Amino acid sequence: MTELGTRLKEARTAKGYSIEDLQEITKIQKRYLANIEEGNYSTIPGAFYVRAFIKQYAEAVGLNGDELLETYKSELPSPTNEDVAKTIPATPSRRTLGGRASNRFMEIMPMIIVALFVVAIIVIVWTLRQNSPETEESPAVETEEPVTMDITPPPSDQTATDNEEEEEAVEEEIEEEPVPKLAFTLEGTQGETSTYTVSGAETYQLKLMASSDKTWLNLKDQANKTLYDSWVNTGTPYELDVTTTDQIRVRVGNVPVTQVFINDELVEFPTDKSPQNLVIKFSK
C-alpha cells in the first residue's frame, strides 16, 4: 500500500464509510477504489482516469484532491499523449469559423430588413404630419358640478352599540387556533440507527439543511425504496412532503453540520457520529 493510499483509507475510515458507501457517493466501481488504496493503478484504464478517480475519492472523504495529486505526483503514472488529448478540445478550423460567421449574418439579415422597413414608415408618417394643416382646438365647455348634501342622520347610540358587538364577534371568529406542536418519542438506538415516533399532525414535511459544509443524504421509505441519494449543499435545503409515507429512513454522511426538521421542528441526533441513520415513524 502506498503513502497516498494509506492517507485516503484513513480519511475514509474516519468518515465511517465502507468501500460500498464510497461507491454509492462517487459512482466509481469499488474495485477501482480498492486498487487506489493499494496503489495498484494497472487495472485503471489510463493515467487520466487514475488522477480523476483519486481526486473524486479525496473530495468525498473531505480531503483536497488537487493538493494530494501535487504532493504524491511521484507515485502516480504520468499521463500519455492520448490522456492529454482527452482534456484539450479540438480548435475549430478557419473554414468552420467562416461558415459560422456567414450563418450568423444570414440569421440577422431578416431583422435588419424589418428594422429598416419600420424606420422608413416612421419617416413617412412624420413627414405627412409636418405637411398637414393644424387643427383648431375647440374651446372647452365648463360645466357646473351638481351640489349634493349629505342628509344621512347620525347613528343612534343603539346602532353604535350593535356595531361594536358585531365587530367583537368577528374578531373572536377570526382568532387563529394555536398550532399543536409535534410529539417526538425516541424508541431506541442500535448501532448507528436511532428510531423516532412522531405524532401530532395530519401532514408532515421533511427538511434537511447543511450549516457549514455539504453532506451526503440518502432517503428510503418503508418499502426500502430510495427517494433521494445525493449531496445537500450549504444554503440549499432539501425538502420532501412525507405525509403519505408511514416511515422514512434518513441516512446522513456528515452529522455535525446537518439539521433534520419535521414540520420545522428539529429532530435531535443522539450522537455526533458519522454516518448516522434516523428512522422516523409517522403516527396519523
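The values are calculated or read from the model by the stated rules, or taken from the named source; none is laboratory data. Keep in mind the model is a prediction, meaning the values are calculated, not measured. Accessible surface is based on the protein model in full, side chains and every heavy atom, while ligands, DNA and RNA are left aside. Shrake-Rupley method; radii C 1.70, N 1.55, O 1.52, S 1.80 Å.
The Cα-based radius of gyration and maximum Cα-Cα distance (Dmax) for the range 1-47 are 10.4, 30 Å. Cα extents for the range 181-223 along the principal axes, largest to smallest and rounded to whole angstrom: 32, 26, 24. Computed from backbone phi, the HN-Hα couplings of the range 235-244 come to x, 10, x, 9, 10, 8, 7, 10, 4, 8 Hz, rounded to whole numbers (Karplus: 6.51 cos²θ - 1.76 cosθ + 1.60, θ = phi - 60°; Gly and Pro given as x). For Phe48, the solvent-accessible surface with a 1.4 Å probe is about 70 Å², rounded to the nearest 10. Met109 exposes around 60 Å² of accessible area when a 1.4 Å probe is run over every protein chain in place. Over the range 210-284, the fraction of Cα-Cα pairs per 5 Å bin, rounded to whole percents and listed from the shortest bin up, is 3, 15, 28, 29, 18, 6, 1.
Our summary gives the range 8-85 a relative contact order of 30 percent, counting only alpha carbon pairs under 8 angstrom and 6 or more residues apart. Accessible surface of Val198, taken over heavy atoms with a 1.4 Å probe and every protein chain present, rounds to 0 Å². Of Trp231, Trp216, the residue with the largest accessible area leads and the full order is Trp231, Trp216 (1.4 Å probe).
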